[in-house]
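K.L.:
This structure is in structure tokens; I'll ask about it shortly.
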Amino acid sequence: MIPGPFTGMRALTIVADRKLDLVELAPPPPPGAGEVQIRVKAVALNHIDVWGWRGMAFARRKLPLVVGAEAAGEIAAIGPDVGAFKPGEAVVMYGGLTCGTCKACREGRDNLCENIAGIMGFHVDGFARDLLNMPARLVLPVPAGIAWRDAACAPIAFSTVQHMLFDNAKLAAGETVLVHAGGSGIGTAAIKMARAIGATVITTVGDDAKAEKARALGADHVINYRTERFEGVVRKLTAKKGVDVVFEHVGAETFNGSLLCLKRGGRLVTCGATSGASTTLNLMQLFQQQYRIIGSFGASMRNIRESLAKMAGGMLPVIDSEFPLGEVERGLARLESRQVFGKIIISF
Ligand SMILES: [Zn+2]
């Protein structure tokens, strides 16, 4: 990484696999029609950033690329025809460059846009820069009183969980959910959101220190998956019935065990595969037990508004640590090594 001093616009770019450069770029032009200019205040890291940093054979992208898939900032300037925002207003951004006109977009299913032009920070330039122009239709106001670091967790972490648990798995009060990796950014959010609606939460963690913290967040039962087989413990805890919903994102290491934890007709919702992308599936078990397996990726603009409303109501993301822009690699390494409890924030 090249150190400063920087007088212009800083941008954190990926130039090769596992190689980031903090560079100075020309500032963007004044925002055009339908655009706003945003001064970025905080970026939150996600596993998609780790994938991008490691290099992904299947991702079509041109390097160098500005990283950062999830962020909060303030309106620095507005385009000539934009009436919805004013300078200084706190905002978050939808990081998928949707078309806004296809059937899915018109129906508010933004993450199913038929003509998506890429995910910012992964396929196309992202948010880890001082200033950027965005289509105003992809920008959402942040309610008063929410800190930058918290708001930065709304577009992906909180909204992904909101979409998984409620749109997809339809978790309801009185049901039991197994949340994998309860110390992760989305795991911590899932524990809070599930508890808040009156669900019983069982969660897995990788060490005893995290177990304490997960209990403090409201998890009813915590399983250290390194010392106990989580499938067996879940069966005991549910009197052999199984849980209504499993919140999966660990992947190969846990997926089959997760299915064994479901009650008949239970729902497994997954948004990740950090431990490996392939597994085998027993089809007899799938149909006889009438499982529903639901893939979930990203969220809608509505989910971001719902997430911000939860934050305004006092449900804040768990923050593991904050790093300055120049030390993002420390944050990525921490995320990759699964040492985290909560979200990692890059502050500007
Ligand atoms: Zn679309």
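The values are calculated or read from the model by the stated rules, or taken from the named source; none is laboratory data. Just so you know, these numbers come straight off a predicted model, no measurement behind them. All Cβ positions, glycine included, derive from the backbone under ideal geometry; neighbour counts span all protein chains shown. The accessibility values were calculated without ligands, DNA or RNA, using every heavy atom of the protein model including side chains. Shrake-Rupley method; radii C 1.70, N 1.55, O 1.52, S 1.80 Å.
K.L.:
When N counts the residues of the range 159-263, how does its alpha-carbon radius of gyration compare numerically with 2.2 N^0.38 Å, as a ratio?
P.N.:
With N residues counted in the range 159-263, Rg over 2.2 N^0.38 Å equals 0.94.
K.L.:
Can you list residues from other chains, or at least 5 along the same chain, whose modelled amide H is less than 5 Å from the amide H of Thr200?
P.N.:
Amide H neighbours of Thr200, under 5 Å, 5+ apart: Gly174, Glu175, Thr176, Val177.
K.L.:
A further question on this structure: Assigning unit charges at the beta carbon (Lys, Arg +1; Asp, Glu -1) and nothing else, what dipole magnitude in debye, to the nearest 20, does the chain show about its Cα centre?
P.N.:
The calculated dipole for the chain is roughly 900 debye.
K.L.:
Quick check: convex hull over the Cα atoms of the range 192-348, volume per residue in Å³, rounded to an integer?
P.N.:
Working: hull volume 21.9 nm³, N = 157.
Measuring per residue, one finds 140 Å³ for the Cα hull of the range 192-348.
K.L.:
Still on this model: Indicate, rounded to the nearest 5 percent, the antiparallel portion of the DSSP beta bridges found entirely in the chain.
P.N.:
55
K.L.:
Another question, then. Would you mind counting up the charge near Gln289? Only other residues with Cβ under 11 Å from its Cβ, with Lys and Arg at +1 and Asp and Glu at -1.
P.N.:
Counting the neighbours of Gln289, the net charge comes to +3.
K.L.:
Mind giving me the nanometre distance, one decimal, between the label points for Arg338 and Asp21, set 7 Å out from Cα along Cα→Cβ?
P.N.:
It works out to 3.4 nm between the two label points.
K.L.:
I'd like the Karplus ³J(HN,Hα) series for the range 285-293: coefficients 6.51, -1.76, 1.60, θ = phi - 60°, whole numbers in Hz, and an x wherever there's a Gly or Pro.
P.N.:
Result, ordered by residue: 4, 4, 7, 5, 7, 6, 6, 10, 10 Hz.
K.L.:
Something else: Under 29 Å between C-alpha atoms is the cut-off here; go through the range 210-311 and count lysine pairs that meet it, provided they're at least eight residues apart or on different chains.
P.N.:
Number of lysine pairs found: 13.
K.L.:
Let me ask another. In terms of modelled amide H atoms, which long-range or inter-chain residues lie less than 5 Å from the amide H of Leu262?
P.N.:
Long-range HN contacts for Leu262: Val243.
K.L.:
Of the options Ala196, Phe297, Leu308, report the single residue whose Cα projects farthest towards the positive end of the charge dipole of the chain (beta-carbon charges: Lys, Arg +1; Asp, Glu -1).
P.N.:
The one lying farthest along the dipole's positive direction is Ala196.
K.L.:
Ok, one more. Return the distance in nm (one decimal) between the two label points of a simple spin-label model at Leu286 and Glu89, each offset 7 Å from Cα along Cα→Cβ.
P.N.:
Between Leu286 and Glu89, the simple spin-label model gives 4.6 nm.
K.L.:
On each of the three principal axes of the Cα atoms of the chain, give max minus min coordinate, whole Å, ordered largest first.
P.N.:
62, 41, 38
K.L.:
Place a label point 7 angstrom from the Cα of Leu112 along the Cα-to-Cβ direction, then list the residues of the range 299-328 whose backbone nitrogen is under 12 Å away.
P.N.:
Within reach of a label on Leu112: 300.
K.L.:
Among 145-156, 290-301, 97-108, what's the highest-first ranking by average C-beta atoms within 10 angstrom per residue?
P.N.:
The peptides rank, most packed first, as 145-156, 290-301, 97-108.
K.L.:
A follow-up question, please. Distance from a point 7 Å along Cα→Cβ of Ser347 to each backbone N in the range 129-149: keep the residues under 19 Å and list them by number.
P.N.:
Zone members listed by number: 129-131, 145-149.
K.L.:
For the range 28-75, what does the accessible surface come to per residue with a 1.4 Å probe? Please give it in Å².
P.N.:
Working: 1990 Å² over 48 residues.
Each residue of the range 28-75 exposes 41 Å² on average to a 1.4 Å probe.
K.L.:
Residue by residue, what Karplus-based ³J(HN,Hα) values in Hz, rounded to whole numbers, does the range 87-99 have, using 6.51, -1.76 and 1.60 with θ = phi - 60° and x for Gly and Pro?
P.N.:
These are the phi-based 3J(HN,Hα) values: x, x, 5, 7, 9, 10, 10, 7, x, x, 7, 6, 7 Hz.
K.L.:
With a 1.4 Å probe and all protein chains kept in place, how much accessible area does Arg305 have, in Å² rounded to the nearest 10?
P.N.:
130
K.L.:
At 7 Å along Cα-to-Cβ for each site, give me the label-to-label distance between Cys102 and Lys170 in nm.
P.N.:
If labels sit at Cys102 and Lys170, their model points lie 2.5 nm apart.
K.L.:
Tilt of helix 185-196 relative to the longest C-alpha principal axis of the chain, in degrees (0 to 90, nearest 10)?
P.N.:
60
K.L.:
A follow-up question, please. Label the range 1-123 by shape, choosing from rounded, prolate and oblate, from the square roots a ≥ b ≥ c of the eigenvalues of the Cα gyration tensor; if a/c is under 1.5 it is rounded, and otherwise prolate applies when a/b is larger than b/c, oblate when it is not.
P.N.:
oblate
K.L.:
What's the center-to-center distance, using Cα atoms, between the range 271-317 and the range 215-231 in Å?
P.N.:
Comparing the Cα centres of the range 271-317 and the range 215-231, I get a distance of 19 Å.
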